[in-house]
Each structure stands twice: as C-alpha cells, then as structure tokens.
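Read the structure below first, then the notes.
The values are calculated or read from the model by the stated rules, or taken from the named source; none is laboratory data. What you see is a predicted model; the values in this text were computed from it and never measured. Please note: Cβ atoms are built from the backbone with ideal geometry, for glycine as well, and neighbour counts cover all protein chains shown. When the accessible area is computed, the model is the full protein with side chains, heavy atoms only, and any ligands, DNA or RNA have been set aside. Shrake-Rupley method; radii C 1.70, N 1.55, O 1.52, S 1.80 Å.
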Amino acid sequence: MLKSLLMILFSVFLGVCGQLLLKRGMTTFGRIESFSLPVVFRAFLQPPVLASFLCYGISSAVWIVVVSREKLSFAYPLVSTGYIFVVFFSSILFHEAITPVRWAGVLLICLGVVLVSR
C-alpha cells in the first residue's frame, strides 16, 4: 500500500511538472491566436514543451502500474492533489495572483482528498 501511494504521488508530481513545463514553454513561445497545425507544431518543439510531454509519458507509465495494483476509486481521487501543487507553484513560478476564493477551492479539494482516501 505504501509503495502504491508513493507511486501515485510520483505520478502526480510528474503531471504537475508537465503542466509547469508546458506553461513555461508556451510563455516563451507566445500566445497562439488561432489554431494552426504548423504553429502548434512549432510550439511543440519548444524544449520545455517537449520536456512536459516526457513528464506526461513517464507519469502515464507509472499510472499504469498503479491502476494494476490499486482500486481506481482509491487511486484516482489522489490525482486531484496535483491541482493543489499547480496552483501553489503557479503563484511562485509565474507570479499568478491566486484569489482567496481560489485558495478556498484548493482547501476544499484537500478536504475531499482526505475524505475519499479514508
């Protein structure tokens, strides 16, 4: 059980890193005004964007192992802890303003994770 919990947290950590790297890469690349495959392909080639997909890939591989071992009703709610870390690190790394209402939402997510995991 402890090993599975650590694997879940590792998978979530990689997903959070993926989100943060994706945002970093797109901040560098710039705003995409309209969907165009050539533009999206150029954005995809940004090193942080490529690194984000590597994180997502490894996270998915770890997740495959997790769902082979644990009940999905236990494991999947723990994925929502990623929301907490993304909000926290977005405020630090990207200087995003997080309103009190948004922090209250994060606290509700924390409470929900605790309730579901028991």
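Out of the trypsin sites (Lys or Arg not before Pro) in segment 30-86, which ones are loop residues according to DSSP with at most 10 other C-beta atoms within 10 Å? Each step should come with its number before you reach the end.
Values: sites: Arg31, Arg42, Arg69, Lys71; in loops: Arg31, Lys71.
Filter output for segment 30-86: Arg31, Lys71.
For labels at Thr28 and Lys3 in the simple 7 Å Cα→Cβ model, what's the distance in nm?
Going by the 7 Å Cα→Cβ label model, 3.7 nm.
How charged is the neighbourhood of Ser52? Take every other residue with its Cβ under 15 Å from the Cβ of Ser52, and add Lys/Arg as +1 and Asp/Glu as -1.
+2
Where the centre of each part is set by its Cα atoms, how far does segment 3-34 sit from segment 75-103, in angstrom?
Answer, in whole Å: 12.
When a/c reaches 1.5 or more, the comparison of a/b and b/c decides; with that in mind, is segment 3-78 rounded, prolate or oblate per its Cα gyration tensor?
Prolate.
Using a 1.4 Å probe on the protein heavy atoms, what percent of the accessible area of the chain belongs to carbon and sulfur?
Working: 5770 of 7860 Å².
So the carbon and sulfur contribution to the accessible surface is 73 percent.
Order these peptides, 11-19, 75-83, 32-40, 59-67, by their mean beta-carbon neighbour count within 10 angstrom, highest first.
Output ranking for 11-19, 75-83, 32-40, 59-67: 11-19, 75-83, 59-67, 32-40.
In segment 83-104, whose amide N lies under 20 Å from the spot 7 Å out along Cα-to-Cβ of Ala51? List them in ranges.
Within reach of a label on Ala51, which here means backbone N under 20 Å from a point 7 Å along Cα→Cβ, segment 83-104 contributes 85-96.
Under 15 Å from the Cβ of Gly30, count the other residues' Cβ atoms, weight Lys and Arg +1, Asp and Glu -1, and hand me the total.
Details: positive: Lys23, Arg24, Arg31, Arg42; negative: Glu33.
That works out to +3.
Give the accessible surface of the chain per residue, rounded to a whole number of Å², with probe radius 1.4 Å and ligands, DNA and RNA excluded. Walk me through the numbers before you get to the answer.
On the way: 7860 Å² over 118 residues.
Value returned for the chain: 67 Å² of accessible area per residue.
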